[in-house]
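Here the structure is laid out as structure tokens; the discussion comes afterwards.
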Amino acid sequence: MSVLNDFLNGFWNENPVFRLVLGMCATMAITTQAINGIGMGLAATFVLVCSNFVVSVMRKIIPEKVRLAVFIVVIATFVTIVDLVMEGFFYEIHKALGVFIPLIVVNCIIIARAEAFASKYPVINSIADGLGMGLGFTISITVLGMIRELLGNGTIFGITIFSKSYQAFLLALIPGGAFIALGLLLGMMNKINEKLGYKG
Amino acid sequence: MGKLIIIIMSTVLVNNFVLARIIGICPFLGVSKKTETAVGMGMAVIFVITLAASVTWTLFTYILAPLNITYMQTIVFILVIAVLVQFVEMVIMKTSPALYQALGIYLPLITTNCCVLAVSVITVQLSYTFIETVVFALGTSVGFTLALILFAGIRERLSLSEIPKSFEGTAIALITAGLLSLAFLGFSGLVK
């Protein structure tokens with residue numbers, strides 16, 4: 001049961017984007033299209049699960065003082081793997097995400113979970129936590145990507161939703177729009193949580 | 001010379017890392033509650049980014065590229081940055097206690113500032129020369145500092161105003177940053 005809880009934690013209670021407010025750069029910069037959100041999210045999920053696994057396996061061997069350096073090397077290794085694999089097999093998305101793939105190394109979500117979770121809990125729980133957090137992250141940024149793509153382009157995943165006569169709302173696609181859209185979503189999440197808390 | 005001036009204008013105003021490229025948001029949101037801390041963080045960032053970019057550029061050009069192991073760049077760069085930050089912290093602590101007092105607490109935070117890694121990666125990608133790299137790094141970090149201080153000023157005023165409950169904290173900060181980013185869009189005609 002607790003493994004399931006660890007898995008579900010990342011979706012709402014400790015959703016990395018909306019509740020913990022981590023990994024903001026990747027969240028806002030690449031979400032001009034929904035498909036980028038999925039690409040980025042899955043890349044981060046892979047790194048998160050692998051690094052949580054390795055850190056958890058080695059949690060009793062890693063000396064306390066150099067643990068952050070060890071985490072960074074582990075994470076950087078997996079990011080390099082993702083970078084090379086994506087360049088080889090998903091060239092279009094790799095090009096769209098650009099510099100943000102190497103930047104997964106400094107995505108606070110990953111090092112935060114290594115430090116706060118994987119270095120303290122057993123392997124199974126850590127993998128569940130990594131998977132939950134990663135998918136929570138993926139869903140959050142894909143939703144943001146869908147909203148921005150719909151408003152800015154009239155499409156979702158490249159499928160036309162609004163007809164040709166739709167006047168594109170350019171603000172949604174520029175960086176300023178990313179900040180505002182995420183701010184509004186956060187406010188909405190807070191409101192929903194307020195209501196839920198009030199009832200329960 | 002002309003290219004260097006264009007790089008500076010571009011990195012400080014037009015392609016401002018925080019407001020136009022959305023890199024380095026965590027410290028931007030995290031240490032922007034007071035103007036004083038924003039200034040301290042900004043100074044530390046200018047120092048570290050410029051140093052880190054020159055070191056990583058040198059390593060890439062003279063070690064990684066000749067040995068054909070450029071795929072190691074992410075790992076090498078992040079390690080160099082982490083070591084450099086520690087080293088800078090120790091040097092400042094020994095040589096200038098006053099400066100350490102001012103910058104000390106911000107230095108460890110910089111390792112996870114994506115700006116630093118991003119500058120290293122981007123300068124290598126664009127195959128800049130050494131001088132161009134240093135100017136790019138300087139411009140980027142000054143641009144970061146500018147955005148951070150402006151934003152801190154706005155947030156200080158914001159903390160006194162009434163905000164709907166569900167928008168308190170990060171939500172309103174993000175919307176404010178969005179408006180600031182729109183304002184910076186006005187510079188976009190400056191460099192072609």
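Restricting to region A:100-121, count the residues that are facing chain B (nearest Cβ under 10 Å) and open to solvent by less than 20 Å² (accessible area, probe 1.4 Å).
Result for region A:100-121: 7.
Among the residues of region A:154-170, count how many are farther than 15 Å from A:THR31 by Cα and among the aliphatic types (A, V, I, L, M).
3
Of all residues being aromatic (Phe, Trp, Tyr) and under 21 Å from B:GLU168 (Cβ atoms) in region A:166-200, which is nearest to the chain's Cα centre (by Cα)? Just the residue, please.
A:PHE179
Among the residues of region B:147-168, write down those that are open to solvent by 70 Å² or more (accessible area, probe 1.4 Å), in contact (Cβ under 8 Å) with a residue 24 or more places away in the chain and either closer than 15 Å to B:GLY178 by Cα or not acidic (Asp, Glu) (or both).
Passing the criteria: B:LEU150, B:SER159.
Can you list the helices (runs of 4 or more DSSP H) found entirely within region A:1-84 that contain at least 1 residues being buried (at least 18 other Cβ atoms within 10 Å of the Cβ) and charged (D, E, K, R)?
Those helices (runs of 4 or more DSSP H) span A:2-9.
Closer than 21 Å to A:ALA44 by Cα and either part of a helix (DSSP H, G or I) or within 14 Å of chain B (Cβ to nearest Cβ) (or both) - does that describe any residue in region A:151-170?
Within region A:151-170, not a single residue is closer than 21 Å to A:ALA44 by Cα and either part of a helix (DSSP H, G or I) or within 14 Å of chain B (Cβ to nearest Cβ) (or both).
Sort through A:VAL49, A:VAL21, A:VAL70, A:VAL54 and tell me the only one that's β-branched (Val, Ile, Thr) and modelled with pLDDT under 85.
None of the other options fit; the residue is A:VAL21.
Of the residues in region B:90-120, how many are crowded, with 20+ Cβ neighbours inside 10 Å and either within 12 Å of another protein chain (Cβ to nearest Cβ) or without any contact (Cβ under 8 Å) to a residue 12 or more places away in the chain (or both)?
Final tally of qualifying residues: 11.
Quickly run through region B:26-39 and pick out the residues that are open to solvent by 10 Å² or more (accessible area, probe 1.4 Å) and either part of a helix (DSSP H, G or I) or among the small types (Gly, Ala, Ser) (or both).
B:CYS26, B:PRO27, B:LEU29, B:GLY30, B:THR35, B:GLU36, B:THR37, B:VAL39
Please determine, by comparing only the residues of region A:185-200 that are surrounded by fewer than 18 Cβ atoms within 10 Å (Cβ to Cβ) and within 7 Å of another protein chain (Cβ to nearest Cβ), which one is farthest from B:ALA173 (Cα to Cα).
For region A:185-200, the residue satisfying everything is A:GLU194.
Identify, from the list A:LEU131, A:LEU144, A:LEU135, the residue that is open to solvent by less than 10 Å² (accessible area, probe 1.4 Å) and either in a helix (DSSP H, G or I) or of a type in the set (Ser, Thr, Tyr) (or both).
The conditions single out A:LEU144.
The values are calculated or read from the model by the stated rules, or taken from the named source; none is laboratory data. In this text, all values refer to a predicted model and were calculated from it rather than measured experimentally. For neighbour counting, all protein chains shown are included, and Cβ atoms are generated from backbone atoms with ideal geometry for every residue, glycine included. Quick note on the areas: whole protein, heavy atoms, side chains included, nothing else; ligands and nucleic acids left out. Shrake-Rupley method; radii C 1.70, N 1.55, O 1.52, S 1.80 Å.
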